[in-house]
1. Semi-axes of the equivalent ellipsoid for segment 56-126, please: Cα gyration tensor eigenvalues, times 5, square-rooted, ordered largest first, whole Å.
2. Can you give me the angle between helix 301-319 and the longest principal axis of the chain, using Cα atoms only, in degrees from 0 to 90, rounded to the nearest 10?
3. Averaging sequence separations of C-alpha pairs under 8 Å and six or more residues apart, then dividing by the length of segment 177-318, give the relative contact order as a whole percent.
4. Under 8 Å for C-alpha pairs, at least 6 residues apart: give me the relative contact order for the chain, rounded to a whole percent.
5. Rounding to the nearest 20 debye, state how big the charge dipole of segment 49-160 is about its Cα centre with +1 on each Lys and Arg Cβ and -1 on each Asp and Glu Cβ.
6. With +1 on each Lys and Arg Cβ and -1 on each Asp and Glu Cβ, how big is the dipole of the chain about its Cα centre, in debye rounded to the nearest 20?
7. If you split all Cα-Cα distances of segment 244-304 into 10 Å bins from zero, what percentages do you get per bin, shortest first?
8. Helix 153-181 versus the longest principal axis of the chain: what is the Cα-based angle in degrees, 0 to 90, to the nearest 10?
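Please treat every number below as a calculation from the coordinates, not as lab data. Model, not experiment: these values are computed from the prediction. Heads up, the Cβs are rebuilt from the backbone with ideal geometry, glycines too, and the neighbour counts pull from every protein chain shown.
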Amino acid sequence: MDQVQDIISNDHALLSKFEEHVQAGEAVEPRDWMPEAYRKHLIRQISQHAHSEVIGMQPEGNWITRAPSLRAKQILLAKIQDEGGHGLYLYSAAETLGITRTEMIEQLHTGKAKYSNIFNYPSLTWADIGAIGWLVDGAAIVNQVSLQRTSYAPYSRAMVRICKEESFHQRQGYEIMAKMMKGTAEQREMAQDAMNRWWWPSLMMFGPHDSDSPHAADAFRWKIKRHTNDELRQKFIDKTVPQAELIGLTVPDPHLKWNDAKGGYDHGEINWEEFKQVINGNGPCNKQRLQHHKQVHDNGAWVREAAEAYKARTNNQSSN
Ligand code: FAQ
């Protein structure tokens, strides 16, 4: 019994020390002691972030063969490749918390792990590629700039690198939209239609309102998050609306209005029922996205086996 008591008071002491450490703004490294709930929280968030990057390659991948010029094709290819790279940094960051890549992929395939709502919508026209770069990457940047100062050091380091690349992504998307808005009436209509379809799902990317965010309390206590979902959403709206106006796009929100007192835009309510449906597997493309990921993963089994065999062989040679 004394031994159990010792373990409990030792854990309390460790927890207090840990919380003092993060509250002082210090980083947590993989070998540092951390509460089990902190570790699980991060595995959930980082793995879902990684899955989002990789699944997010699909809607844009749909347009590689149909890009309107060689320049556009090269840019799109580079961008999609970057997203794959972001997935790899993030899977590696999550692995430092004691979960394997295989386990994370299994959680994705069985529906236990989520990925961003946004990638369950179809990319119907070339303007959607502009809207994804401008709005989706734009939303991702706002969130990820804040995450650069997250308490878990491997996640924070991954974010610094990712943010540099995302700002190029956002600009290439905006360039597509600006170009289309200077084009024919049909092209302008196409750009506006993409804006109408991607605006609201982009706002949903920031997650539920703060009052409905079950993970918020722990995220702030442990400085995993530095800004709330609503704060970041507001920042994104305030930054994006003037960009839309500059190129002649209309934001599809009749309630959008500048509010002098708060120094930001008031906006209409998000359709949270749609959000709930999409994140729980019932969006327009959920089944297609997961099925494609599973198929590609199965087709790549031989690559993983070959890499494992090569690793075993080089390990053997170096120990001889
Ligand atoms: N989609 O309590 P909270 C990108 C879930 S990367 C789906 O507020 P939290 C780059 C949430 O998981 C985009 N599910 O949760 C790119 C939780 O469910 P759970 C990805 C969502 O974690 C561009 C429940 O709702 N970025 O776009 C979403 O504190 C173009 C309760 O929510 C990141 O992942 C959602 N939008 O806050 C790539 C950023 N929102 O897990 C390719 C890192 C919430 O209990 C092409 N993540 N849920 O089953 C975060 O900052 C946070 O995880 C939030 C959610 C803000 C997403």
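1. On the way: eigenvalues 162, 47, 11 Å².
Value: 28, 15, 8 Å, ordered largest first.
2. Taking Cα atoms only, the helix is inclined about 40 degrees.
3. On the way: 80 pairs, mean separation 26.9, N = 142.
Value for segment 177-318: 19 percent.
4. Working: 338 pairs, mean separation 60.8, N = 320.
Reported relative contact order: 19 percent.
5. Numbers: 9 positive and 9 negative charges, 32 e Å.
With only Lys, Arg, Asp and Glu charged at Cβ, the dipole is about 160 debye.
6. Working: 37 positive and 40 negative charges, 193 e Å.
About 920 debye.
7. 17, 23, 24, 19, 13, 4, 0
8. Around 10 degrees separate the two axes.
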